[in-house]
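Below: one structure, written as structure tokens.
The values are calculated or read from the model by the stated rules, or taken from the named source; none is laboratory data. Computed from a predicted model, the values in this text were never measured in an experiment. Neighbour counts are summed over all protein chains in view; Cβ atoms, including those assigned to glycine, are modelled from backbone coordinates with ideal geometry. With ligands, DNA and RNA removed, areas are computed over all heavy atoms of the protein, side chains included. Shrake-Rupley method; radii C 1.70, N 1.55, O 1.52, S 1.80 Å.
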Amino acid sequence: MYANGKVALVTGAAQGIGRAMVEELLSKGAALAMVDQNRIAGEQCKASLDEQFGSNRTLFIQCDVTDQEQLRDAFQKTMEHFGRLDILVNNAGVNNEKDWEKTIEVNLISVIRGTYIGLELMNKKNGGQGGVIINISSLAGLIPAAYQPVYSASKHGVIGFTRSIALHSGIWPSFSTSLI
Ligand SMILES: NC(=O)c1ccc[n+]([C@@H]2O[C@H](COP(=O)([O-])OP(=O)(O)OC[C@H]3O[C@@H](n4cnc5c(N)ncnc54)[C@H](O)[C@@H]3O)[C@@H](O)[C@H]2O)c1
């Protein structure tokens, strides 16, 4: 993906796959907001990336993506700080079959909500410049996972939603959705 000069927002950015995507986007020349509920991990991650890429390239925002107000606020802060949004990665995810409602909230509802907020901000009709939205699913979103029925359902949902919303890309010029 061409990312030089672009601004991204990555959820679940403090560790794991989210952090790896942050590093990749930074190495390609993007600036970005790292959104995560874990303040300690987020601040540590930012501090180490600042040494490598400079402190003005990232903004850490503590946010629980399941909290509507916090999620909207995270997008707002990103716009205020960087002035634009080009790339959105809805990555934050959990795998908890006991607290299964939470798993659906984080993995599916927040991805849908984040996608709609991203579409609103990137829409050229609203002053945006188009962009890319990447929603992170899983192999468990393509095939059944015997001991993870709710995780699997949430990730199947991400694929169904992302494929369906991408069919609207003609409505939003220069907008595309990707699924990983
Ligand atoms: N690791 C794998 O093997 C694998 C495989 C397929 C898909 N995935 C998916 O990739 C994504 C990232 O996985 P990972 O392995 O890097 O996970 P991880 O647990 O290492 O990191 C997830 C990050 O998301 C954050 N997070 C969790 N709930 C949050 C919330 N409510 N609000 C804000 N931040 C929250 C955590 O604090 C953490 O920093 C997930 O969506 C996961 O389902 C992972």
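Remark: the chain carries 50 Å² of accessible area per residue (probe radius 1.4 Å; ligands, DNA and RNA excluded).
Amide H to amide H distances under 5 Å link Leu88 with Leu9, Val132, Ile133, Ile134, where only residues 5 or more positions off or on other chains count and H is placed in the peptide plane.
Ordering 105-111, 59-65, 161-167 by mean Cβ neighbour count within 10 Å, with the highest value first, yields 105-111, 59-65, 161-167. Across all directions, the average projected area of the convex hull around the alpha carbons of segment 90-141 is 3.8 nm². Once neighbouring chains are kept in place and the probe is 1.4 Å, which whole percent of the accessible area of the chain is contributed by carbon and sulfur? Answer for the chain is 53 percent, counting heavy atoms of protein chains only.
Taking amide hydrogens as placed 1.01 Å from N in the peptide plane, the amide H of Leu32 sits under 5 Å from those of Ala8, Thr58, Leu59, each at least 5 positions away in sequence or on another chain. Annotation: amide H-H contacts under 5 Å for Asp64 (H modelled 1.01 Å from N, sequence separation of 5 or more, or interchain): none. Among rounded, prolate and oblate, which fits segment 55-180 when a ≥ b ≥ c are the square roots of the eigenvalues of its C-alpha gyration tensor, a/c under 1.5 means rounded, and a/b larger than b/c means prolate? Note, shape of segment 55-180 comes out oblate. Close Lys pairs in the chain (alpha-carbon distance under 24 Å; sequence gap of 8 or more, or different chains): 12. On the beta carbon distance between Gln68 and Ser48, with R0 = 41 Å, the FRET formula returns roughly 0.85. For Lys125 and Val94, what does the FRET efficiency come to when R0 = 25 Å and r is the distance between their Cβ atoms, rounded to the nearest 0.05? For R0 = 25 Å, the calculated efficiency reads 0.15.
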